[in-house]
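K.L.:
Below is the structure I would like to discuss, written out as structure tokens.
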Amino acid sequence: MHRRLASTRVIRYHGVVNRLREIFQRINIEGAIEFDYPLAPLTTFQVGGPAAVFAEPHTVSEMQIVLQTALSESVPYFILGGGANILVSDKGVPALVISTAGLSSVTRDGDDLSFGTGLSMSRATEIAAGYGLGGIEFLYSMPGTVGGAVWMNARCYGGSISDSLVSVNYFDETGEAQVYEMSASDFAYKRSPFQNRACVMLQARFRLVPTEPKALHLRMQEYHADREAKGHFRAPSAGSVFKNNHDFGAPSGKLIDSLGLRGLRVGGAQISPEHANIIINTGTATAEDIRTLIESVRDSVQQRLGLELEREVLYVGDWNGKHEVV
Ligand SMILES: Cc1cc2nc3c(=O)[nH]c(=O)nc-3n(C[C@H](O)[C@H](O)[C@H](O)COP(=O)(O)OP(=O)(O)OC[C@H]3O[C@@H](n4cnc5c(N)ncnc54)[C@H](O)[C@@H]3O)c2cc1C
């Protein structure tokens, strides 16, 4: 019975790939168009199956071609940044995955810098520091792209990326070019107006502050050293699994710790021995192991402390026929 179900899914998956192949073989861009493309190496958890179609447009106009094709053919799509906040299912993503890696432009206008959203956050902070412009240096060494950081309103060391954001150029759900002008009320802790939307951010503009480059580089090295000391890069992970909730009286990691769950394992997934709100891939984890561990931690906190943790890591792809995010 199980085997029949599995083979039905495989046939369905290949049916989807074939249809998408027909659609996307027709489009002509310099950037990559790949089929049945492995996603695990493009995520920081290093797990998960392939994308039915993977596109990496090199320019904004190529991005528009890919997006318009998906919209006109009603193909579901997922925008992939650095893959540092997602868990891709072992079955993969039976849809179009559009990587922003080709969008890495940098433009300067006085103290404002605009970055292509596919640029890594670390690289963006290095470039800003090179110009003697501060305000985003606290995000140095945080995995992921500028786009992913804006999407989640990434924060650390007392700052949020929205603190210096001015505007975002993006394609909306109909493929139209739009400009979002920053309004602080649209952003909150780990919230941005781009969540729950299917738009593609292209470029983000930041208002920065002239600062001595040496001082910026020194701070950046300190942030990096702190992350290293906390073991952030010792094993594949996606950083914090759950958001913090001030009403709970303690950060999620402390709550999980109070239940003695640190070190707990499911298959190759483990609650980090160094931080209870981080789950690591010890080398052999499947996406299913990681998800099972996440759900089990959430259930334990709910049952034993009566608190509902909100997941930060996003489930992407086909989870037993149930599609999440795409
Ligand atoms: C070791 C480690 C430490 C971390 N520390 C922190 C931390 O201190 N603070 C923190 O906030 N996070 C942290 N994270 C989580 C992660 O780094 C951030 O959430 C990061 O901003 C994710 O960016 P990304 O490009 O990888 O996004 P992805 O994981 O690729 O995508 C996340 C979401 O953003 C959307 N998205 C990405 N780019 C675009 C775009 N151009 N247009 C539209 N949608 C887009 C995706 O569709 C998806 O919904 C950490 C992760 C790791 C692995």
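The values are calculated or read from the model by the stated rules, or taken from the named source; none is laboratory data. Remember, predicted model here, so these are calculated numbers, not experimental data. Neighbour counts are summed over all protein chains in view; Cβ atoms, including those assigned to glycine, are modelled from backbone coordinates with ideal geometry.
K.L.:
Going through L113, L87, L119 one at a time, which residue ends up being within 18 Å of H58 (Cα to Cα) and in contact with a helix residue (DSSP H, G or I) (Cβ under 7 Å, 6 or more places away or on another chain)?
P.N.:
Checking each option against the conditions leaves just L119.
K.L.:
Is the stretch 249-264 home to any residue that is within 12 Å of the ligand (Cβ to nearest atom), in a loop (DSSP other than H, G, I, E, B) and without any contact (Cβ under 8 Å) to a residue 24 or more places away in the chain?
P.N.:
no
K.L.:
When only residues in the stretch 80-95 that are of a type in the set (A, V, I, L, M, F, W, C) and crowded, with 24+ Cβ neighbours inside 10 Å count, which is farthest from the ligand (Cβ to nearest atom)?
P.N.:
My answer is V93.
K.L.:
Of all strands (runs of 3 or more DSSP E) completely enclosed by the stretch 24-116, which ones contain at least 3 residues that are β-branched (V, I, T)?
P.N.:
Because the criterion is at least 3 residues that are β-branched (V, I, T), the strands (runs of 3 or more DSSP E) in the stretch 24-116 that meet it are 93-99.
Matching residues to (1) out of contact with any Ser or Thr (no Cβ under 6 Å at 6 or more places or on another chain); (2) closer than 24 Å to M142 by Cα; (3) surrounded by fewer than 21 Cβ atoms within 10 Å (Cβ to Cβ); (4) not basic (K, R):
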{"position": "E30", "(1), (2), (3), (4)": "yes, no, yes, yes"}
{"position": "V53", "(1), (2), (3), (4)": "yes, no, no, yes"}
{"position": "E56", "(1), (2), (3), (4)": "no, yes, no, yes"}
{"position": "T59", "(1), (2), (3), (4)": "yes, no, yes, yes"}
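K.L.:
Closer than 17 Å to N153 by Cβ, at pLDDT below 95 and surrounded by 12 or more Cβ atoms within 10 Å (Cβ to Cβ): does that describe R205?
P.N.:
For R205, the condition - closer than 17 Å to N153 by Cβ, at pLDDT below 95 and surrounded by 12 or more Cβ atoms within 10 Å (Cβ to Cβ) - is not met.
K.L.:
What's the number of the only condition in (1) surrounded by fewer than 19 Cβ atoms within 10 Å (Cβ to Cβ); (2) of a type outside the set (F, W, Y); (3) within 11 Å of the ligand (Cβ to nearest atom); (4) over 16 Å from G118 (Cβ atoms) that G175 fails to meet?
P.N.:
It fails just one condition, (3).
K.L.:
Still on this structure, I have one more. What is the residue count in the stretch 198-235 for residues that are within 13 Å of the ligand (Cβ to nearest atom), assigned to a loop (DSSP other than H, G, I, E, B) and hydrophobic (A, V, I, L, M, F, W, C)?
P.N.:
4
K.L.:
Right, something else. Would you point out the residue of the stretch 112-151, among those that are in contact with a Lys or Arg (Cβ under 6 Å, 6 or more places away or on another chain) and over 14 Å from Q203 (Cβ atoms), that is nearest to the ligand (Cβ to nearest atom)?
P.N.:
Filtering first and then ranking leaves S141.
K.L.:
Do you know which residues across the stretch 178-192 are under 17 Å from G148 (Cα atoms) and either away from the ligand (no atom under 11 Å from the Cβ) or assigned to a strand (DSSP E or B) (or both)?
P.N.:
Passing the criteria: Y180, M182, D186, F187, A188, R191.
K.L.:
Answer yes or no as to whether A215 is among the aliphatic types (A, V, I, L, M) and either assigned by TED's automatic domain parsing to the domain that holds Q46 or loosely packed, with under 13 Cβ neighbours inside 10 Å (or both).
P.N.:
When the stated conditions are applied, A215 does not pass them.
K.L.:
The conditions are (1) among the hydrophobic types (A, V, I, L, M, F, W, C); (2) near the ligand (Cβ under 9 Å from one of its atoms); (3) in contact with a helix residue (DSSP H, G or I) (Cβ under 8 Å, 6 or more places away or on another chain); (4) not in a loop (DSSP other than H, G, I, E, B), and A238 fails exactly one of them. Which is it?
P.N.:
(3)
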